[in-house]
1. Among the residues of region 1-38, which ones are over 29 Å from Ala88 (Cβ atoms), among the charged types (D, E, K, R) and part of a helix (DSSP H, G or I)?
2. Being touching a Ser or Thr at 6+ places or on another chain (Cβ under 9 Å) and in contact (Cβ under 8 Å) with a residue 40 or more places away in the chain is the filter; apply it to region 69-88 and report the residue that is surrounded by the most Cβ atoms within 10 Å (Cβ to Cβ).
3. Does any residue of region 10-23 turn out to be of a type in the set (Asp, Glu) and either surrounded by 13 or more Cβ atoms within 10 Å (Cβ to Cβ) or touching a residue at least 24 places away in the same chain (Cβ under 8 Å) (or both)?
4. Failed condition for Asp63, given (1) at positive phi; (2) more than 14 Å from the chain's Cα centre (by Cα), with all others met?
5. Condition first: more than 16 Å from Trp86 (Cβ to Cβ) and not in a helix (DSSP H, G or I). Now tell me which residues in region 41-66 satisfy that.
Amino acid sequence: MPMNIKGRYPGYKIFAGARGDIERITAIWRECLELYGGPFLFGKPTVADAMYAPVTRRFATYDVHVNRLCDGYCRTIADWPLMKTWVAAAAEEPDDVEELEVEF
């Protein structure tokens, strides 16, 4: 599931290859959130949350449904000031990047 902060694909059909990854990721999140009490994976923000921040955005983009605990984590990350800054900056980026359109 490619990164696309601007995109929203409600009802997106998640391909079989991604389902196992999603289940593993949410299992890790559940274990950490239950063990450390949230709202971040280890209670307070850490590099682990920064690493998983793009994953939470992919879940939002592709309408990935997760359990209540993981959904709360995704909302925590979405409300994180660092994430809000990143999302706002991404919104200012052009939709097309000329450098990526060059033929090799």
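1. As a first pass, look at region 1-38 and keep what is over 29 Å from Ala88 (Cβ atoms): 13, 15-17, 19-20, 23-24, 27, 30-31, 34-35, 37.
Subsequent filtering for residues that are among the charged types (D, E, K, R) retains 13, 19, 23-24, 30-31, 34.
Correct list: Arg19, Glu23, Arg24, Arg30, Glu31, Glu34.
2. Tyr73
3. Checking region 10-23: not a single residue is of a type in the set (Asp, Glu) and either surrounded by 13 or more Cβ atoms within 10 Å (Cβ to Cβ) or touching a residue at least 24 places away in the same chain (Cβ under 8 Å) (or both).
4. Only one criterion is unmet by Asp63, namely (2).
5. Residues satisfying the conditions are Leu41, Phe42, Gly43, Lys44, Thr46, Tyr62, Asp63, Val64, His65, Val66.
Any read-out appearing in this document is the output of simple, stated calculations on the displayed coordinates, not a laboratory observation. Predicted, not measured: the structure shown is a model, and the values here were computed from it. Neighbour counts are summed over all protein chains in view; Cβ atoms, including those assigned to glycine, are modelled from backbone coordinates with ideal geometry.
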